Structure formats: structure tokens, C-alpha cells
Amino acid sequence: MTRRFSFTFVSLACCFGALSAAAQWTTQTISLQPGWNAVYLEVQPEPEDCDTVFGGLPVESVWAWNQRFSAVQFIQDPNELLPGQPNWLTYLPPDHPARETRNLFTLRGGQAYLIKLKSGVGGTSWNLLGRPVLRPVDWLADSFNLVGFPLASDSSPSFQSFFSGSTAQAGQPAYRLNASGQWELITNPAATLLSSGKAYWVYCRGHSTFSGPLEVELEQRDGLVFGRILTEQTVRIRNASAAPASFTVRAITSQDPPNNSYPILAGTVPLSYFQIDAAQNEFGWLPLPEALEQTEIAPGQEWVLRLEAKRTAMADFVPPADHNGVLYQSLLEISNGAGVRYLVPVSAEGLKTYAAKPSALSLQRSPQNNAAAAPHPRAGLWVGTAAMERVNQPSAIGTSDLPVATASPFQFRLILHVDQSGTVRLLQKVLQMFKEGTLKPDPANPALKIVDQPGRFVLVTDDALIPQFSGATLRDGQRVARRISSPAFGFSRPVSFAGPGDFGAGKLSCQVTIDYDDRLNPFKHRYHPAHDNLDDRFETKVPEGTESFAVTRQIELEFTAEDPDRLAIAGWGDNQVGGIYRETVTGLHNKTIYAEGTFRLTQASRIGVLNDGR
């Protein structure tokens, strides 16, 4: 089961969890006026340490409310704040005489701060490059809370309309910081507008999980992180206001990362959404338009939006020689047309996986980005089925070569492997096993052992190599291999495909031959004197054609851009491929047999080597 993350209902531990460095980037601009400022960060700054973030600003002090200490029943004049107060965390710049008393060292996105500029300094703009965060408001019950909200910069809701859907905040007192640096009570909530990037003292009566009239629920807290494996995720957009609402979703281009220690921006993430037209009884995946809108959503109702990352539509990208990983990155803007706007990070790896420097693996956070990453975009093990739906009638007069529909499909398993160079092989069976890691003496302390080569999974087709590996799973307490096989084939060694096309595009073909004396040949019978391929004295082998015939199966796979059965499947062309299956059989009948149908394959493993390269 996929665990969802909702920034409406989330524990405090999630708020302090490690953020993904494989993120998307945008700049938040905050106007700072002389004196005191109450600001709200919609992005997680990078870098996040205070000395770096405030290095170019004339900052005298920065304050973060430590809301876990005690409830706030009255609003304190910011000029009365003193470093070391238990309910405040304080940052002081290097030139401040009381710098040693500071206890605020990093900034967090989704949090409010008080910032005081130095005396005699005019207003300035603070540009923060960072990752959008979807952090819920962690309200302290029966207390004033210093909070801000993700809002559009060109339009804002009023206090009254914003809090109308929450009984804990509606009608409760709220304060804003005026131009004189004093907190003033908002006396006309219907006419007073919230502002993007600003923070306010808002009273919360009782417990509350309200984060705004628009709520977004994701499957992962870091955004829509597709990585290399995921193809589909669901976004739930809920109307938490007191009136019907309309929501709009837009894709926005990500900015470049702040430095080369982060995965390089390869391009945008092409997205599709799942559309259901109940009136026409139609459904399927459509490209995400410039603006996707859902209107008249009743209070308390939600819009369930299924999104697919279309890796086959990603722009080609060749990274520089020295990089820390490659990611396609975008932002998803979700708004309600009334001033509330969320930015959702979107990231995905492309079909091609590029190895990053070892020091960058923690930044990319993907098990596929390592030294063994396969250069071919579809390298690995592919398992699926072929369904034979048409076959010719060899004895029919005049049309013996024309395949006709069968009474029912004949299905059998297909197992293919694509190696790192793109060579495709047809397999009869494959075992997933485990190669144990090795240890070596620690250079710093030879008496201790450290990992030399980590253990890894391997794909084995040669039975002679099985003793060299261990099982990949447990059965009745014993380690055993995972076995995948196809009874439709009887060869022991993989059979290579050839053709003008590549795996996943064009045509591929191979030939499977069953020797006339093969034990699996349908003409041969070991204990039947007329089909044992021996002479009358059971001593000498007779030539082909005497008692048995070689059978040749010419197999052709034609990959199609769309699902051959017109199924609405996310990931088609990515981790699922298929198309038309054709087979020509000679030797089984005195005439050639032609059969065709469809096939589909799903990527079961990304291991691009068979038998550990042996």
C-alpha cells in the first residue's frame, strides 16, 4: 500500500523529517521594510544556514517563535524581545555584540519569522531560491499563533473569507505588523487582505488542522517524486472553505539548482492526467493542458487527480561529464482563483539513467543512480504474456496462408532480457539470486572488517552457476531463488533477437529451432520404435526426416506506440511495452503455419547483466 502524505493531517515528526535534495526550484521574493518585518517562507532556502542566507542583507536580528513552550495570550511588542527568551529562537549576525547567545542556526520553509533590519537602512528585497514546501500549520490550541500561508502575489483573500471554513479561527482576533513595527488588531476582517510572504498572529480556539480553504494531499511529503520506477501518482485537492470553489492546476518550469552539488536540471516533467467522460462512456490519459480546471466543488468535497509522468515524451538530454545526477524537474501550481496558491515539486528520472559521482548519491536519493546504472534506457528483465488470436488453416483451399480468428486466445509467458548494450534475448527461464558481498580489512584498523563489494541481486540462466550464488527470498526458512519460466519454449540457452528496430520501438525477430532429435520435439518418442530416431536394431541414429522433423519457430515482435488492446495504462512505453506478436512455424506441418496476436511486457528488474557477466 502506498503511504500518502497530507499536509492537512501530519505529525510533527514529519515536519522535521529530512527533506529531499532531489527537488525543484523557485525564487520567493520578500519585500523587507525598514525596522521590523513579519515574513513567511514558502520555500526551503538552499543553503539553509542563517549566516549564508542573511549574508548579503542588513539584518540586525531574526526571531522564530518556539511555539512548543507555552500558549500566547497577548502579543508582545517586538522591540521588547531579548535573546535567550525560552519562547523564541534568535539569530544574530557576526557583527552583533551578543552573537554568542544565538540559538537559531537554520531556516525552515513553511515557517514564520520576525526580521529586524539595522537602523538607518532602507527597504530591500530578499530573494530566496529554494524548494517549495507543503508543510501544514501546526496550531497551538487556545493560543495566538505566528503563521503565514501560501498565497498568490497578484491576488489575496480577505481574512474573513480565508478562515470562513474553520470554526477554530473564524471570528477570532488576528494581528498584523504595521509600517511602524507595531502589532495592530485587524478590526475589519472582511476588508483586510492577507499578503503573500507575510506572517500574522492568529488566535486558534481549540484544536485545529486548518491550513487554508484549499487543501492538497499527496502520496509523498516531498511532492510528486516519480524517481525512475513510479509512473503514476494521485493528488487530492479538497475544498475546505464554506462555499463552492473552483480549482486550477498548471505546470510551471523549474529554475536551475543553486549549485552543481544538486542533480542537474534535464528538462520539464511531461505530465498526463486521467480523464473520465461519464456522458460519453470514455476514459483515458490526456496530456496535461496549460490550465486544467475543475469547477463547482462543494465544501468538504475533493478533486482526485491522477497524474502520469510521460518519460517517453521527455526531451533528450546529454549531461556534462562531471555532474551529480540528472533529474527532470517541474512545479505544479494548484490554486483556487481566490488568492490561495500551492506549488508542488515534481521530479522524475528519464528512461536513460546516468551515474552520478559517489558523493552525490545521497542527494539524488535513487537506488538506480549508481556505478552499475545501465546505459540502455530499457536494460533489465521484462516479463509478460503473448496472446495468439489468429492462426491460418493449412488445409484450407485457396487461403491457407491467411490467419483467421481463433475461438479463444492461446496465452503463454514471454521472458526477455535487455543487456546494457541493448542486446535483446529470449529466455526460457531465469532465476533471481543473490551474490554475497565481500569484506576487507579496515585500513585504519586491520583487525576490523569493512565492506569491499556490497552484495547484489543477479539474474541466472546457466544452471551450472547456481552454486556460486545464494537465494534471493525465504521459503520455509530456507533461502531460495525466485524462478520465472515459460513452458512455451524448450531451449536451454538464451536466444538473441535481431532486427531493424530497438527494444520498445520497431521490429525484432529471432528463430527458435527444435532439433529433430531433441527430447522435446513433438515427433520424438523415446520408447516408440517408429519415433525414437533409431534404426530397427535400436543402434544407429537415423537422419532427419525418417522418423522426426526439426521444427523452426520464427518469432517477430512489432512494438507499438499505443497499447494494442487500447487499454488506458499509465507507463506505456516506459515500464510497459508491447505490440503485435507474429510467429511462423515450419516442420510441424507439411505446410507453414502462420499465427499472430498481441504481447505485452512489464519490466521486472533493472539488472542489465545475465549470469553476473560470466
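Tabulated values for the structure
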read-out	value
Residue list for region 121-168, restricted to those being part of a loop (DSSP other than H, G, I, E, B), under 21 Å from LEU41 (Cα atoms) and polar (S, T, N, Q)	SER153, SER155, SER156
Qualifying residue in region 546-557 (condition: in contact with an Asp or Glu (Cβ under 7 Å, 6 or more places away or on another chain) and without any contact (Cβ under 8 Å) to a residue 24 or more places away in the chain)	no
GLY325, sole failed condition from (1) under 25 Å from PRO454 (Cα atoms); (2) at pLDDT 95 or above	(2)
Test result for VAL585, over 51 Å from the mean Cα position of the chain (by Cα), aliphatic (A, V, I, L, M) and closer than 17 Å to ASP518 by Cα	no
Filtered residue count, region 463-511, keeping only those that are under 24 Å from VAL424 (Cα atoms), part of a strand (DSSP E or B) and among the small types (Gly, Ala, Ser)	6
All positions within region 482-502 that are among the basic types (Lys, Arg) and closer than 16 Å to ILE555 by Cβ	ARG493
Residue tally, condition among the β-branched types (Val, Ile, Thr) and free of Cβ contacts under 8 Å to residues at least 24 places away in the same chain, over region 510-545	2
Of the criteria (1) in the same structural domain as ARG582 (by TED's automatic domain parsing); (2) of a type outside the set (Val, Ile, Thr); (3) under 30 Å from GLY573 (Cα atoms), which one GLN478 fails	(3)
Subset of region 598-614 (residues that are modelled with pLDDT of 95 or more and on the phi > 0 side of the Ramachandran plot)	ASN611
Any hit, region 165-184, residues being of a type in the set (Ser, Thr, Tyr), without any contact (Cβ under 8 Å) to a residue 12 or more places away in the chain and either surrounded by fewer than 17 Cβ atoms within 10 Å (Cβ to Cβ) or in the same structural domain as VAL72 (by TED's automatic domain parsing) (or both)	no
Long-range neighbours under 6 Å by Cβ, at least six apart or interchain, first residue on the phi > 0 side of the Ramachandran plot within region 281-302, second surrounded by 12 or more Cβ atoms within 10 Å (Cβ to Cβ) and not basic (Lys, Arg)	GLY284/ALA568; GLU296/PRO244
Pairs with Cβ under 6 Å, 6+ apart, first in region 45-59 and closer than 14 Å to ILE115 by Cα, second not in a loop (DSSP other than H, G, I, E, B)	CYS50/TYR91; VAL53/PRO45; PRO58/LEU117
Residue that is modelled with the highest pLDDT, among those in region 502-540 that are surrounded by 11 or more Cβ atoms within 10 Å (Cβ to Cβ) and among the basic types (Lys, Arg)	LYS507
Pairs with Cβ under 6 Å, 6+ apart, first in region 226-254 and closer than 28 Å to THR209 by Cβ, second in a strand (DSSP E or B) and among the polar types (S, T, N, Q)	ALA245/ASN239; SER246/THR295; PHE247/GLN294; THR248/SER335
Failed condition for SER195, given (1) modelled with pLDDT of 95 or more; (2) closer than 28 Å to LEU288 by Cβ; (3) in a loop (DSSP other than H, G, I, E, B); (4) of a type in the set (Ser, Thr, Tyr)	(2)
Any hit, region 331-346, residues being over 19 Å from the mean Cα position of the chain (by Cα), more than 24 Å from SER196 (Cβ to Cβ) and modelled with pLDDT of 95 or more	no
Residue pairs meeting the criteria (Cβ under 7 Å; at least 6 apart or on separate chains; first more than 22 Å from HIS376 (Cβ to Cβ), in region 568-591; second basic (Lys, Arg) and modelled with pLDDT of 90 or more)	GLU583/ARG553; VAL585/ARG553
Test: GLY499 is in the same structural domain as ILE580 (by TED's automatic domain parsing), surrounded by 10 or more Cβ atoms within 10 Å (Cβ to Cβ) and either in contact with a His (Cβ under 9 Å, 6 or more places away or on another chain) or modelled with pLDDT under 90 (or both)	yes
Unmet requirement for VAL418, which otherwise passes all of (1) surrounded by fewer than 16 Cβ atoms within 10 Å (Cβ to Cβ); (2) touching a residue at least 12 places away in the same chain (Cβ under 8 Å)	(1)
Where a residue in region 101-118 is at positive phi and its partner, wherever it lies, is at pLDDT 95 or above and part of a strand (DSSP E or B), with Cβ under 9 Å and at least six apart	GLY110/TYR40; GLY110/VAL43; GLY110/GLN44
Selection from region 106-120 of residues that are touching a Leu at 6+ places or on another chain (Cβ under 9 Å) and assigned to a loop (DSSP other than H, G, I, E, B)	LEU107, ARG108, GLY109, GLY110, GLN111
Subset of region 27-43 (residues that are assigned to a strand (DSSP E or B) and either at pLDDT below 95 or crowded, with 20+ Cβ neighbours inside 10 Å (or both))	GLN28, LEU32, TRP36, ASN37, ALA38, VAL39, TYR40, VAL43
Of all residues making up region 347-364, the number that are within 19 Å of the chain's Cα centre (by Cα) and modelled with pLDDT under 85	10
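The rows are residues; the columns are (1) surrounded by fewer than 19 Cβ atoms within 10 Å (Cβ to Cβ); (2) assigned to a strand (DSSP E or B); (3) not acidic (Asp, Glu).
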residue: PRO257; (1), (2), (3): no, no, yes
residue: SER261; (1), (2), (3): yes, no, yes
residue: ILE276; (1), (2), (3): yes, yes, yes
residue: GLN280; (1), (2), (3): yes, no, yes
residue: GLU293; (1), (2), (3): yes, yes, no
residue: ASP316; (1), (2), (3): yes, no, no
residue: TYR328; (1), (2), (3): no, yes, yes
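Let's see how each residue does on (1) farther than 30 Å from GLU217 by Cα; (2) over 40 Å from the mean Cα position of the chain (by Cα); (3) surrounded by 15 or more Cβ atoms within 10 Å (Cβ to Cβ):
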| site | (1), (2), (3) |
| --- | --- |
| TRP65 | no, no, yes |
| GLN73 | yes, yes, no |
| ASN79 | yes, yes, no |
| PRO93 | yes, no, yes |
| ALA98 | yes, yes, no |
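The values are calculated or read from the model by the stated rules, or taken from the named source; none is laboratory data. For clarity, every value in this text was computed on a predicted model and none was experimentally measured. Positions of Cβ are backbone-derived with ideal geometry, glycine not excepted, and every protein chain shown enters the neighbour counts.
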